[in-house]
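**Student:** The following block contains the structure, expressed as structure tokens.
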Amino acid sequence: MHLRCSNTECAATLDLHDRALSCPVCAELLEVVVDPPASSPAELKRVWLERRCSYDPRDLSGVWRFREFLPNEYSRIVTMGEGNCPLIEGRKTAQWAGLRNLRFKHLGWNPTACFKDLGMTVGVTEAVFVGAKTVGCASTGNTSGSLAAYAARAGLHAKVYLPAGYVSANKLAQALDFGAEIVHVDGNFDAALGQILQDANDGLYFLNSINPFRLEGQKTAMFEMLEQLGWHTPDYVIVPGGNLGNSSAFGKALEELHAAGFLDKLPRLVIVQAEGANPLAQMWRSGSDELQPVDNPETAATAIRIGNPRSWKKALRALRKTNGSVIDVSDHEIAEAKAMIGRDGIGCEPASATTLAALRTLTQQDKIDRDAAVVAILTGHALKDTDFILNSRLREPVFEGVCCA
Ligand code: F0G
């Protein structure tokens, strides 16, 4: 395995453990190139299922269980049994969105209650491997909680850059609880990311999703989802988009599984952004090939309050590969959909509810068929942002269309 520039026209290669954050030739992001597995898809599907009966820490992890597709030469992995997240049938939510076959892949059931743990187990394992002592990130909240927890497990110092005043109290509390050093940045996530990149030096191992090892872990959400579906590809996978690392990771997973003969067809990837933080949706609608950052992103879904997503080119590749699309939804639609997910007994944080809000619009516009098999990715747990719940429900107790029965 090695690192390669994600710009296919450049395709410069680097050693797998090189700490460069971008291509030294053309400055585009890097990606891990996975060697094709030695075993057949049928054999690997069997082995991965068998590992569910094992107590080896690598098998107990829903990430490392799929290690044939991961960097895997580590003698020590930093794991907390991440992954193993359920696929939950939507009931009232399905009806509300006009669908007959809706499931939620709830990544909020991870150790720190969001999908970041899938990437952090690989990222922090790599950090330990290369001898880092301090790990760092900029964050709208979730990455910081996850980084802080995995760093604490590994005995590393965590330094997190947060947009002051725009991180939910619950997420800030997690980062503090796990002992992270907090740098409050006067500005939004894009400014915080800019600042940490400026401050970065050899002493700080950088763990935002432009780190390709993060995406390797996050891609396993697709492996687990497909396994749970008996390797029957759904018609659509719908996912919230902020910095666009997660959608890029899903695209990479699908590309690799398809190339290795695990899948006959690919699901269409739908990325959802909040209306006030929608650079990819704007680009998609305009048909342009260049992303124009949104200068002052605004949305109550603070997790995805991002105007200048760094992984947009990788996400675009995933959209093209899967015949996907991009849509944006308003904060009101997010609040309504979130309330509905709660009524189904599932719950999620605001950013995750963009998926259901978008599905309702897409079925109303006949862009998704009622009978389509759809998996919506819930990225964070309901308890990640309790102020949002209290503020929205106390102000506006009943939302139109959200049934109470
Ligand atoms: N959903 C939640 C709950 C998130 O926390 C994030 C990103 C996303 C969706 C979007 O994922 O950035 O890979 O497109 N949160 C980051 C953070 C930015 O710092 O916690 P993405």
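**Student:** What is the sum of charges, Lys and Arg at +1 and Asp and Glu at -1, for the other residues whose Cβ falls under 14 Å from the Cβ of residue 285?
**Tutor:** Taking every other residue near residue 285 into account, the sum is -3.
**Student:** I'd like the carbon and sulfur percentage of the solvent accessible area for the chain, probe radius 1.4 Å, heavy atoms only, ligands and nucleic acids excluded.
**Tutor:** 48
**Student:** Another question about this same structure. If each DSSP helix of 4+ residues adds -39,500 (n - 2.57) and the sum is divided by the residues in the chain, what number results at 222 nm, nearest 500 deg cm²/dmol?
**Tutor:** The helix-only estimate for the chain comes to -11500 deg cm²/dmol at 222 nm.
**Student:** Which loop-located trypsin sites (Lys or Arg not before Pro) does segment 261-291 contain, where loop means any DSSP state but H, G, I, E or B and the Cβ has at most 13 other Cβ atoms within 10 Å?
**Tutor:** Hits after loop and neighbour filter: 265.
**Student:** Sticking with this one: Out of segment 215-297, which chymotrypsin sites (Phe, Trp or Tyr not before Pro) are coil in DSSP terms and have no more than 11 other C-beta atoms within 10 Å?
**Tutor:** none
**Student:** Among 91, 51, what's the order by accessible area (1.4 angstrom probe), most exposed first?
**Tutor:** 91, 51
**Student:** Counting Lys +1, Arg +1, Asp -1, Glu -1, what net charge surrounds residue 127 among other residues with beta carbon under 10 Å of its beta carbon?
**Tutor:** Cβ neighbours under 10 Å give a net charge of +1.
**Student:** If you don't mind, there's one more thing I want to ask. Under 5 Å between amide hydrogens, which residues at least 5 positions from residue 101 or on another chain qualify, with H placed 1.01 Å from N in the peptide plane?
**Tutor:** Placed amide hydrogens put 374 under 5 Å from residue 101.
**Student:** I would also like to ask the following. Can you list residues from other chains, or at least 5 along the same chain, whose modelled amide H is less than 5 Å from the amide H of residue 161?
**Tutor:** Counting only residues 5 or more places away or on other chains, the set is 137, 138, 139, 183.
**Student:** Going by a ≥ b ≥ c, the root eigenvalues of the Cα gyration tensor, does segment 19-175 fall in the rounded group (a/c under 1.5), the prolate group (a/b larger than b/c) or the oblate group? Show your work: numbers first, answer last.
**Tutor:** Details: a/c = 1.59, a/b = 1.08, b/c = 1.47.
Oblate shape, in that a/c is at least 1.5 and b/c is the bigger or equal ratio.
**Student:** Moving on to the next point. Expressed in nm², what is the orientationally averaged projection area of the convex hull enclosing the Cα positions of segment 153-302?
**Tutor:** If I average the Cα hull's projected area over directions, I get 11.5 nm².
**Student:** Please work out whether the chain counts as rounded, prolate or oblate from its C-alpha gyration tensor, where a ≥ b ≥ c are the square roots of the eigenvalues and a/c under 1.5 means rounded, while otherwise a/b larger than b/c means prolate and anything else oblate? Each step should come with its number before you reach the end.
**Tutor:** Details: a/c = 1.38, a/b = 1.16, b/c = 1.19.
Note, shape of the chain comes out rounded.
**Student:** Can you give me the C-alpha center-to-center distance between segment 195-246 and segment 71-139, rounded to a whole angstrom?
**Tutor:** About 8 Å separates the Cα centre of segment 195-246 from the one of segment 71-139.
**Student:** Which of the lysines could be linked to residue 159 by a straight reach, that is with a Cα gap under 17 Å, when you skip same-chain ones fewer than 8 residues away?
**Tutor:** 116, 133, 171
**Student:** Return the long-range amide H neighbours of residue 18 (sequence gap of 5 or more, or a different chain), with a cut-off of under 5 Å between placed amide H atoms.
**Tutor:** Here nothing satisfies the definition.
**Student:** Select from 293, 329, 308 the residue farthest towards the positive end of the dipole of the chain; place +1 on Cβ of Lys and Arg, -1 on Cβ of Asp and Glu, and compute about the Cα centre.
**Tutor:** The residue sitting farthest along the positive end of the dipole is 329.
**Student:** Once you order the gyration tensor axes a ≥ b ≥ c over the Cα atoms, which shape class does segment 150-220 get: rounded for a/c under 1.5, otherwise prolate or oblate by comparing a/b with b/c?
**Tutor:** rounded
**Student:** Hey, what's segment 129-282 come to in accessible area per residue, 1.4 Å probe, Å²?
**Tutor:** Details: 4620 Å² over 154 residues.
Heavy-atom SASA per residue in segment 129-282 reads 30 Å².
**Student:** Name the residue, out of 254, 44, 359, whose mean-square fluctuation peaks in a Gaussian network model built on the chain with Cα pairs under 10 Å.
**Tutor:** 44
**Student:** Separate question: Exactly which GluC sites (Glu not before Pro) in segment 291-398 are in a DSSP loop and have at most 16 other Cβ atoms within 10 Å?
**Tutor:** Numbers: sites: 298, 333, 336; in loops: 298.
Loop-located and lightly packed - 298.
The values are calculated or read from the model by the stated rules, or taken from the named source; none is laboratory data. All values reported here derive from a predicted model rather than from experimental measurement. Positions of Cβ are generated from backbone atoms using ideal geometry, with glycine treated the same way; all protein chains shown enter the neighbour counts. SASA here: full protein model, heavy atoms, side chains in, ligands and nucleic acids out. Shrake-Rupley method; radii C 1.70, N 1.55, O 1.52, S 1.80 Å.
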